[in-house]
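> One structure, as structure tokens, below. Some questions next.
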Amino acid sequence: MPRLLGVDIPNDKAAVVSLTYLYGVGPKTARDLCHKAGVDPARKARELADDELGRLAALLERDYVVEGPLRRQVQQSITRLRDVKCYRGIRHRVGLPVRGQRTRTNARTRKGPKKTVAGKKGVKDLK
């Protein structure tokens with residue numbers, strides 16, 4: 001398995017698809033990288049020579065923020081929002097959706113599994 005920036009990229013997939021396994025590299029960026037480095041995007045990752053991998057790694061380090069530095073940058077942005085106590089920072093802290101989604105229904109990904117409240121009575125039960 002070839003390694004780029006400390007990440008094993010899959011052998012059996014095309015180079016352009018294998019590059020998307022890096023955090024911060026999507027399909028468009030992967031195509032651009034292959035074009036700039038002079039690598040055939042359709043070739044399998046195992047067929048890439050060491051000099052081609054070196055060119056890809058050099059391009060990634062020079063022109064793009066990927067993997068560790070990108071994760072750190074995202075985390076620092078979230079921490080800054082929490083520190084200034086803006087609306088988005090508060091939503092991050094409480095674990096609720098940040099981008100304006102509804103929470104009455106759905107939002108289970110952010111809120112976690114349902115916490116059922118036992119013994120809740122309706123208006124008719126009070127009589």
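The values are calculated or read from the model by the stated rules, or taken from the named source; none is laboratory data. If you're wondering where the values come from, they're calculated on a predicted model, not measured in any experiment. Cβ atoms come from the backbone with ideal geometry, glycine included; neighbour counts cover every protein chain shown. Each accessible area value is taken on the protein alone, full model and side chains, heavy atoms only, with ligands, DNA and RNA left out. Shrake-Rupley method; radii C 1.70, N 1.55, O 1.52, S 1.80 Å.
> Given (1) touching a residue at least 40 places away in the same chain (Cβ under 8 Å); (2) over 23 Å from the mean Cα position of the chain (by Cα), where does Val117 come up short, assuming only one miss?
(1)
> For the range 30-86, how many residues are open to solvent by 90 Å² or more (accessible area, probe 1.4 Å), outside any helix (DSSP H, G or I) and of a type outside the set (A, V, I, L, M)?
Result for the range 30-86: 1.
> Turning to a different aspect of this structure: Name, by its number, the condition in (1) of a type outside the set (Phe, Trp, Tyr); (2) surrounded by fewer than 18 Cβ atoms within 10 Å (Cβ to Cβ); (3) more than 30 Å from Arg93 (Cβ to Cβ) that does not hold for Ser18.
If we test Ser18 against (1) of a type outside the set (Phe, Trp, Tyr); (2) surrounded by fewer than 18 Cβ atoms within 10 Å (Cβ to Cβ); (3) more than 30 Å from Arg93 (Cβ to Cβ), just (2) comes out false.
> Just need a number here: residues in the range 14-67 that are closer than 11 Å to Leu4 by Cβ and touching a residue at least 40 places away in the same chain (Cβ under 8 Å).
Count: 11.
> Just checking, does the range 103-110 include any residue being surrounded by 14 or more Cβ atoms within 10 Å (Cβ to Cβ), among the hydroxyl-bearing types (Ser, Thr, Tyr) and closer than 30 Å to Leu19 by Cα?
no
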